[in-house]
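Student: Can you keep this structure in mind? I'll have questions shortly.
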Amino acid sequence: QRALDLRQNTNDRFGLASSYNNLGRVYMDKEEYEYALTFVERAIELQKQLGDQRNLTKSYLDAGKIYQHLRDPRQAKLYTQNSLEIAERTGNLAQRAEILLFLSELEEQQGRYQSALDYLKSHRQLQDSLDEQNQSQAFEEMRARYESQEMERQIELLEQEQKLQDAELSRAEMFQNSLIGGSLALLMILALLYLRYRAGKKHEALLEAKNKKLQDLSEEKTEYLHIAAHDLKTPLSSIMGLSEMIKNTDHCP
């Protein structure tokens, strides 16, 4: 009733039709069928104006059930057949199955057993189709869930594989960095060794040059001494000869 009041204030016609229908069902549960019929008929009028075929089908069926309780089978069948026509036109199998079952009950109550049986058979055929449809839908839903789970599993495997690849790349990068660092260190060591070798060669060259110079000086000194000795040999011989002569002269009588 509160919902109905709110929808009347906001002029929500679809909502009003829904509230009328809901109130009709509440009064049906309370077995106050006259009140129930009043609200359901209001819902039917609004749904006709709005062209709400789906809910109109439900309201016609509710009206048929109310007339059944009011012991008016003619009106009950009339409203229920109206409901069936709309359900057939809109192709709603579930509503058609429900309506056919109710028509079978109405016909049975009136003693029209052949008609009741025909409605029941039609209901059974539709119900079988619905069951098959529901099974197919359930299978499709199950397959969709399986595919979804399989996809999630594949995604998880891919994520794990990606993590492994990232770890491998990280290790490879660390190894590469270590290799680069080692190579740089090796290059530095080689460079130092080369510089040391160059310095050693330079030092060796200096020593060799100094030794050569010393050798040259030694040879020059030897040659000088040789020359000096040669140059002094003749004068000394003369001096020694003269000395001998003087010595011998002193001993003469």
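The values are calculated or read from the model by the stated rules, or taken from the named source; none is laboratory data. These numbers come from a predicted model, not from an experiment. Here the Cβ positions follow ideal geometry from the backbone for every residue, glycine too, while neighbour counts run over all protein chains shown. Ligands, DNA and RNA are excluded from the accessible area calculation, which covers all protein heavy atoms including side chains. Shrake-Rupley method; radii C 1.70, N 1.55, O 1.52, S 1.80 Å.
Student: Given the residues 162, 137, 133, which is the only one that is in contact (Cβ under 8 Å) with a residue 12 or more places away in the chain and either open to solvent by 80 Å² or more (accessible area, probe 1.4 Å) or touching a Gly at 6+ places or on another chain (Cβ under 6 Å) (or both)?
Tutor: Selected residue: 133, the only one of 162, 137, 133 that is in contact (Cβ under 8 Å) with a residue 12 or more places away in the chain and either open to solvent by 80 Å² or more (accessible area, probe 1.4 Å) or touching a Gly at 6+ places or on another chain (Cβ under 6 Å) (or both).
Student: While we're on this one: Within the stretch 5-58, which residues are among the aromatic types (Phe, Trp, Tyr) and either at pLDDT 95 or above or over 48 Å from the mean Cα position of the chain (by Cα) (or both)?
Tutor: As a first pass, look at the stretch 5-58 and keep what is among the aromatic types (Phe, Trp, Tyr): 14, 20, 27, 33, 35, 39.
Within the stretch 5-58, 20, 27, 33, 35, 39 meet the criteria.
Student: Another question about this same structure. Scan the stretch 48-65 and tell me whether some residue there is open to solvent by less than 60 Å² (accessible area, probe 1.4 Å), touching a residue at least 24 places away in the same chain (Cβ under 8 Å) and farther than 22 Å from residue 101 by Cβ.
Tutor: Looking through the stretch 48-65, at least one residue is open to solvent by less than 60 Å² (accessible area, probe 1.4 Å), touching a residue at least 24 places away in the same chain (Cβ under 8 Å) and farther than 22 Å from residue 101 by Cβ.
Student: Ok, one more. Quick one: would you say residue 105 is more than 51 Å from the chain's Cα centre (by Cα), within 30 Å of residue 6 (Cα to Cα) and open to solvent by 60 Å² or more (accessible area, probe 1.4 Å)?
Tutor: no
Student: With the requirement that a residue be surrounded by 19 or more Cβ atoms within 10 Å (Cβ to Cβ) and not aliphatic (A, V, I, L, M), what does the stretch 66-76 give you?
Tutor: 67, 68
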